[in-house]
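Written out below as structure tokens is the structure these notes cover.
The values are calculated or read from the model by the stated rules, or taken from the named source; none is laboratory data. Given the structure is predicted, the values throughout are model-derived calculations rather than measurements. Note that we place each Cβ from the backbone using ideal geometry, even for glycine, and neighbour counts take in every protein chain shown.
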Amino acid sequence: MTSTSTIVKCAKCSTVLDDAPDVPIEQRQPCPSCGSTARAFEDEILETVNIRESLGMKARRGPAGRPFYETKSGPDFHRTSARWMQRDLVIDRENDRYFERVIDPETGEVLRICEEPLSQHQGHGTARNKSIRIKERKSDSKKPQ
């Protein structure tokens, strides 16, 4: 959210004045402290920024090869609802385990929970058929923003 404000001050003595910034020069009242009609204007812009961070880890034996354990926890943008959700993910290749939980941080409602053998977790994400992913991307690009 952005908010702006203009502060009007006397240009000579810096007294804050209760004048509107758009008052014509010939209609300005003299400064009650020094009598000057010269003005200085300060514009203040306030912006709110939300920062989100997540933590992820991959464990490998040696410098190369596929990680045997991956985990990620933190905010994730949920495209269907166009909102940020809390997502926890564990991929444990050694123990054939896949775990994913998506929680709405505003309500605490668990939107998705999936715990299954990793070997059975197919047809999701990059494991989906390539032609299906291409069709989905094309249909997403045609949707109005």
Six or more apart or on different chains, Cβ atoms under 6 Å: show the pairs whose first residue is in the stretch 1-24 and surrounded by fewer than 10 Cβ atoms within 10 Å (Cβ to Cβ) and whose second is assigned to a loop (DSSP other than H, G, I, E, B). 1/48
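Table: residues versus (1) closer than 26 Å to residue 118 by Cα; (2) not in a strand (DSSP E or B); (3) not assigned by TED's automatic domain parsing to the domain that holds residue 109.
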{"site": "23", "(1), (2), (3)": "no, yes, yes"}
{"site": "33", "(1), (2), (3)": "no, yes, yes"}
{"site": "36", "(1), (2), (3)": "no, yes, yes"}
{"site": "43", "(1), (2), (3)": "no, no, yes"}
{"site": "63", "(1), (2), (3)": "yes, yes, no"}
{"site": "71", "(1), (2), (3)": "yes, no, no"}
{"site": "74", "(1), (2), (3)": "yes, no, no"}
{"site": "77", "(1), (2), (3)": "yes, no, no"}
{"site": "86", "(1), (2), (3)": "yes, no, no"}
Those residues of the stretch 1-21 which are of a type in the set (S, T, N, Q) and in a strand (DSSP E or B), in sequence order: 2, 3, 4, 5, 6
Residue that is farthest from residue 75 (Cα to Cα), among those in the stretch 39-55 that are exposed (fewer than 10 other Cβ atoms within 10 Å of the Cβ) and either touching a Lys or Arg at 6+ places or on another chain (Cβ under 6 Å) or not charged (D, E, K, R) (or both): 45
